[in-house]
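Take a look at the structure below.
Coordinate-derived values only; no laboratory data. Just so it is clear, the model here is predicted, and its values are computed rather than measured. All Cβ positions, even for glycine, are placed from backbone atoms using ideal geometry, and neighbour counts span all protein chains on display.
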Amino acid sequence: MNRAEIRYLKQYLTAFHNKGRNRQLELIELLLKHPDMENGQLAKVLYKDQKAKAFIMLKKRLLERMYESLTLSVNFSYNPSYLEDPAAFESIKLYKQLEYAQVLRQKGLYDLAEEVLEKCIQQAKSSSMPEFQLKALLLRRSMSNGNNQERQTLTDEIQQTLAQYVADLKVVGKYEEYRTILSTEDPMSDILEESLRSYVNDFSNTELEDLSPRGTFFHLSLKSLHSLESGNTPQARIDLNALIHFLESHRGLQTQHRMAIPHIQLANLELTCGRFFDARQAASKALALVAPTRTNHLTAGIHELHSLIFLNRLDDAEELMLYLKALESTSLMPDKSDMLVYLCCCIWFLKGEPEQARREFLQISHLYQYKAGWNLDLRILEIMILIDCERIDQVFMKLDSMRKHVNRYGTRERPIRMFKFLQQLARTGFELDLENPSFQESLVWLQNQPEWQYYPSEVIRYDCWIQSKSEQRPLAPLQHQTLQTWFENHPVE
């Protein structure tokens with residue numbers, strides 16, 4: 001419970017207490033002062049007996065009062081969690097309205113009960129919750145004694161709402177099935193794509209027409225996921241923008257999480273397509289939508305960082321970096337934390353500050369566990385930094401260590417080619433002469449390899465570093481120009 005909820009609970013316990021000691025309030029105060037105190041100690045303080053049965057009953061009653069107070073907020077929209085998931089609070093309101101109507105009906109106050117039910121029906125429609133609308137309609141029909149026309153009207157509406165609810169259940173069930181597969185299978189598994197393909201092929205147009213706005217949201221989510229999984233970039237862009245537009249036009253469905261996810265997916269898509277300005281816009285929107293305590297806030301920030309680096313807006317990237325590193329959630333996610341350090345290192349290196357980049361690099365630890373992925377690219381970047389720092393003895397040590405690692409885990413051709421280039425560079429005394437046929441061949445290969453995957457682990461492109469060294473040009477503007485030319489010649493569609 002947050003501070004506001006605890007304060008409200010105390011007021012609630014005080015309001016319903018008649019006389020004598022308010023032990024429920026005393027227990028709350030004890031728990032706040034001594035959160036680690038065990039049950040026996042609490043019982044001894046309150047009842048002078050560690051095994052007091054009255055303490056067990058006290059805990060049970062207090063728990064019930066806590067549940068009650070959490071659902072009795074006068075205005076849910078003032079709750080700090082409301083914007084993150086307003087649908088959860090709306091469902092609580094609808095549950096309570098159904099309870100009110102039942103109580104009023106039992107007391108014979110039918111007019112008032114019908115008034116509450118009508119309000120519940122309209123609110124369920126606007127919140128896109130057909131399950132509550134269905135319950136309210138059934139209760140409303142059970143109260144329409146002797147009015148056949150009204151009963152028929154309600155029956156037609158019940159049938160329509162039921163069809164909507166059934167269609168919703170199917171699409172939500174498919175979405176949950178996808179999430180289950182995602183949590184148990186390799187993200188690159190064909191099972192994921194097959195699951196999405198079967199959904200897109202099996203869902204009929206009639207069922208689509210029956211969907212509520214909530215069901216349509218899940219349908220659009222699955223459709224965009226299918227486009228992403230199948231690698232259909234133009235369709236994925238269309239589907240993600242359609243999903244974002246749909247959410248923007250349906251306030252009842254909006255949550256911070258729902259709004260942020262398609263923006264993050266779009267930012268990732270545009271990064272891989274080299275549309276860095278569009279990627280930055282999408283990532284920035286996602287960053288503003290998600291609370292700083294959430295994982296996706298950091299994910300969106302990392303996407304925006306990549307965009308700023310590739311746009312050569314290094315000062316803006318550094319400012320965002322400082323903000324992200326200060327987040328409390330960063331320290332709780334070792335992979336993300338290391339990725340931030342890596343990007344910080346890249347920023348300093350691009351700015352022509354290799355010593356500062358080297359000091360940052362020493363903080364990376366967790367990403368090294370990915371032996372065939374991050375590990376190879378990190379080792380290469382460290383050697384590039386050490387060469388620019390003129391720490392030649394360390395370069396030889398790192399090359400020898402990397403040779404053993406490549407023999408065991410080297411499966412990707414690009415880092416292996418770069419490693420061999422660095423070995424040859426070391427043998428020539430670090431004299432980089434591109435008239436050397438071997439050097440020239442390596443550079444041309446690195447420049448033209450279509451499978452170059454700069455994101456996330458080759459932010460500083462190897463061939464750009466080689467070219468900047470040989471031509472004695474600043475690395476950052478050279479890489480920016482190279483990226484523009486690369487995506488003009490290698491469009492990702």
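See the values below:
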quantity: Relative packing of 177-184, 317-324, 132-139, 219-226, which averages over residues the other C-beta atoms within 10 Å, highest first; calculated: 219-226, 132-139, 317-324, 177-184
quantity: Dipole of the chain, positive direction: furthest Cα of V103, M37, H480, with charges on the beta-carbon; calculated: M37
quantity: Peptide ranges 99-111, 229-241 listed from the most packed, as the mean C-beta count within 10 angstrom indicates; calculated: 229-241, 99-111
quantity: Loop sites in the range 361-425: GluC sites (Glu not before Pro), DSSP, at most 15 other Cβ within 10 Å; calculated: E390
quantity: Residue-averaged 222 nm ellipticity for the chain, from DSSP H runs of 4+ at -39500 (n - 2.57), nearest 500; calculated: -24000 deg cm²/dmol
quantity: Positive-end residue, the range 341-407 charge dipole about Cα centroid, Cβ charges, pick of A357, L378, C389; calculated: L378
quantity: Net charge of neighbours whose Cβ lies under 13 Å from the Cβ of Q369, counting Lys and Arg as +1 and Asp and Glu as -1; calculated: -1
quantity: Too-long pairs where the Cα-Cα distance tops 32 Å, listed order kept, from K60/K174; K10/K53; K170/K336; calculated: K60/K174; K170/K336
quantity: Kyte-Doolittle mean at least 0.0 and Cα axial length at least 27 Å: DSSP H helices in the chain; calculated: none
quantity: Partners for K135 among lysines (Cα-Cα distance below 17 Å; same-chain residues under 8 apart left out); calculated: K93, K96, K119, K125
quantity: Net charge, A242 excluded, C-beta distance under 13 Å - Lys, Arg +1, Asp, Glu -1; calculated: 0
quantity: Counted charge near L220, where neighbours are those whose Cβ lies closer than 12 Å (Asp, Glu -1; Lys, Arg +1); calculated: +2
